Amino acid sequence: MQMRSLGLFALAATLGAASVALTADDPAAARHEAMEHVGDAMKTLGAMARGQAPFAAATVKQNATTIADRLGEAASLFPAGSATGTSRAKPEIWANKADFDKIMADGKAAATALAAVTDEAAYRPALGALGQNCKACHDKYRAPEK
Amino acid sequence: MSRRRLSRTAAALALSGAAAAVACWLASAPATGPASTLPLHRPDLANGQALFHAGSCLYCHRPPEAAAGLDPALPSGGAPFHTPVGTFYPENLTPDPETGLGRWSETDFVRAMARGVSPHGRHYFPAFPYASFRFMRTEDLLDLRAYLMSLPRVRSQPRAADVPLAALARRGVGLWKRIGLRGGPPFVPDPARSASWNRGAYLANAPGHCGECHTPRNLLMVPDVSRHLAGGPHPAGEGKVPSLRGLVVRHRYKDAADLALALQFGESYGYDKLSSGGMGAIQSNLARLPAADLRAIADYLVSLE
């Protein structure tokens, strides 16, 4: 029994190390992962804006915080030459890195502001401000699906 | 073969070659006559403005990003438009008499939109999507022209198209039109469908020209009507344009109301499929349409199987 759990632990540790190594070597995969979390949180928040789910301040705080954290993480995962594999990152990112970094920082700030929203009236404009950053970046710097 | 027969054959070949060239030249001639007798019409500027947004005219006819002093909210043209054929610099649509539409008559405008022929009697390349615009009602074209003529004048001359052998290719467009513009107008409403659906079908297919990117083209660059709005390669060369068929069964959108919200609010409401590949700018233009028109477009699109 003890041997078995030790074995499982070793396996988990190996897998964990492998995935860390993978994301460290592969910023495109790592930022994609971060953006998937942003996308999932955005879906929950969007449903609330569309009237497909009731407004809940705690849900807003939780998801907006996730977005702020993950955007901060993703912002550091765009080293030059990392438009590899299935990445949809356009070369324009590195031609206009300062503009790109600013949109990412503005997006994180908008998500942080959204996390502090507690009343429904302020919710849609705050979500809209965040969404405009998502859009500004995607319009310019994300290629069509492959 | 005797020398005489040989020279006779050569002469016959040359003659038939010349005849083919003449036939091509005649067959490719731009139609310079009036598009039709224009109806007496009092222009509706609000309708013209809605059509301007439905067609996202501003997106292609925007000024170049680097151009200082040009209002990006006015369609003064000149931003590069890349296609597999070459790079185009769309025209200035403001009423400036020297560089824009200021001297264009109503007939000039209708002929350009419905037939793809310039006031100087030359073919436009179909990068200018007259293959879709020709389905617009003449009254709508006149409203759109009136709206454009109501805009502030901007003096800005866009560069000439950067297309290999441009003059010859331009004449060749006349031959392309004979196949590319088959199955002609008018737009015929479907009485079995709702008024909203019919409005949406008109907006999406005529002024909205969705099919210019969302319908795949064959080797002759003619849209494949059997795969209308079924998606295809991105015209700029990288990636895909998504299919607009089965949007609900494929769980892209819950229903027509959901899609209408996506067209109106895009990423502001967490819809992330409408950015990238140029669609982001188009969604920004569509968002300026009345909500009923967006719902109409959505009603039409979700009905496509």
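The values are calculated or read from the model by the stated rules, or taken from the named source; none is laboratory data. Just so it is clear, the model here is predicted, and its values are computed rather than measured. Heads up, the Cβs are rebuilt from the backbone with ideal geometry, glycines too, and the neighbour counts pull from every protein chain shown.
On the given criteria, is B:Y202 buried (at least 21 other Cβ atoms within 10 Å of the Cβ) and within 14 Å of chain A (Cβ to nearest Cβ)?
No: the conditions fail for B:Y202.
Only one residue in B:G266, B:G277 is crowded, with 22+ Cβ neighbours inside 10 Å, modelled with pLDDT under 95 and under 30 Å from A:A111 (Cα atoms), so which one is that?
Matching residue, one of B:G266, B:G277: B:G277.
If you check B:A54, B:A79, B:A31, which single one turns out to be in the same structural domain as B:P119 (by TED's automatic domain parsing), surrounded by 13 or more Cβ atoms within 10 Å (Cβ to Cβ) and touching a residue at least 60 places away in the same chain (Cβ under 8 Å)?
From the options B:A54, B:A79, B:A31, the qualifying one is B:A54.
Just a yes or no: is a residue in the stretch B:200-218 touching a helix residue (DSSP H, G or I) at 6+ places or on another chain (Cβ under 9 Å), touching a residue at least 12 places away in the same chain (Cβ under 8 Å), more than 19 Å from B:I282 (Cβ to Cβ) and not aromatic (F, W, Y)?
Checked against the condition, which is being touching a helix residue (DSSP H, G or I) at 6+ places or on another chain (Cβ under 9 Å), touching a residue at least 12 places away in the same chain (Cβ under 8 Å), more than 19 Å from B:I282 (Cβ to Cβ) and not aromatic (F, W, Y), the stretch B:200-218 yields no hits at all.
Given the options A:A57, A:A34, name the one that is modelled with pLDDT of 95 or more, surrounded by 11 or more Cβ atoms within 10 Å (Cβ to Cβ) and either within 11 Å of another protein chain (Cβ to nearest Cβ) or within 17 Å of the chain's Cα centre (by Cα) (or both).
Going through A:A57, A:A34 in turn, just one is modelled with pLDDT of 95 or more, surrounded by 11 or more Cβ atoms within 10 Å (Cβ to Cβ) and either within 11 Å of another protein chain (Cβ to nearest Cβ) or within 17 Å of the chain's Cα centre (by Cα) (or both): A:A34.
Which condition breaks for B:A291 when tested against (1) of a type in the set (A, V, I, L, M); (2) within 14 Å of chain A (Cβ to nearest Cβ); (3) surrounded by 21 or more Cβ atoms within 10 Å (Cβ to Cβ)?
The single condition B:A291 does not satisfy is (3).
Would you point out which residue out of B:L93, B:L148 is surrounded by 20 or more Cβ atoms within 10 Å (Cβ to Cβ) and part of a loop (DSSP other than H, G, I, E, B)?
Of B:L93, B:L148, the one residue that is surrounded by 20 or more Cβ atoms within 10 Å (Cβ to Cβ) and part of a loop (DSSP other than H, G, I, E, B) is B:L93.
Would you pick out the residues in the stretch B:237-260 that are at the interface with another protein chain (Cβ under 8 Å from one of its Cβ atoms) and over 22 Å from B:E305 (Cβ atoms)?
Once the filter is applied, which keeps residues that are at the interface with another protein chain (Cβ under 8 Å from one of its Cβ atoms) and over 22 Å from B:E305 (Cβ atoms), the stretch B:237-260 yields B:E238, B:G239.
Among the residues of the stretch B:53-70, which ones are assigned to a helix (DSSP H, G or I) and within 15 Å of B:P152 (Cα to Cα)?
Within the stretch B:53-70, B:L58 is the sole residue that qualifies.
Where in the stretch A:78-146 are there helices (runs of 4 or more DSSP H), lying wholly inside it, with at least 3 residues that are basic (K, R) and within 14 Å of chain B (Cβ to nearest Cβ)?
It comes to A:120-141.
For the stretch B:214-266, which residues satisfy the criterion of being among the hydroxyl-bearing types (S, T, Y) and closer than 20 Å to B:A127 by Cβ?
Listed by number, the list holds a single entry, B:T215.
What's the number of the only condition in (1) part of a helix (DSSP H, G or I); (2) in contact with a Pro (Cβ under 8 Å, 6 or more places away or on another chain) that B:S156 fails to meet?
(1)
Residues are listed down the side, and each one gets a yes or a no for (1) over 15 Å from the mean Cα position of the chain (by Cα); (2) under 26 Å from B:A160 (Cβ atoms); (3) not hydrophobic (A, V, I, L, M, F, W, C):
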position: B:A31; (1), (2), (3): yes, yes, no
position: B:L45; (1), (2), (3): yes, no, no
position: B:L51; (1), (2), (3): no, no, no
position: B:H61; (1), (2), (3): no, yes, yes
position: B:P64; (1), (2), (3): yes, yes, yes
position: B:A68; (1), (2), (3): yes, yes, no
position: B:G78; (1), (2), (3): yes, yes, yes
position: B:P84; (1), (2), (3): yes, yes, yes
position: B:P95; (1), (2), (3): yes, yes, yes
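Just the residues that are buried (at least 22 other Cβ atoms within 10 Å of the Cβ) and touching an Asp or Glu at 6+ places or on another chain (Cβ under 9 Å), please, taken from the stretch B:96-111.
B:G100, B:L101
Please give the number of the condition A:Q52 fails out of (1) assigned to a helix (DSSP H, G or I); (2) polar (S, T, N, Q); (3) at the interface with chain B (Cβ under 10 Å from one of its Cβ atoms).
Unmet condition: (1).
Report whether or not B:L165 is in the same structural domain as B:P84 (by TED's automatic domain parsing), free of Cβ contacts under 8 Å to residues at least 40 places away in the same chain, over 16 Å from the mean Cα position of the chain (by Cα) and more than 27 Å from B:P95 (Cα to Cα).
yes
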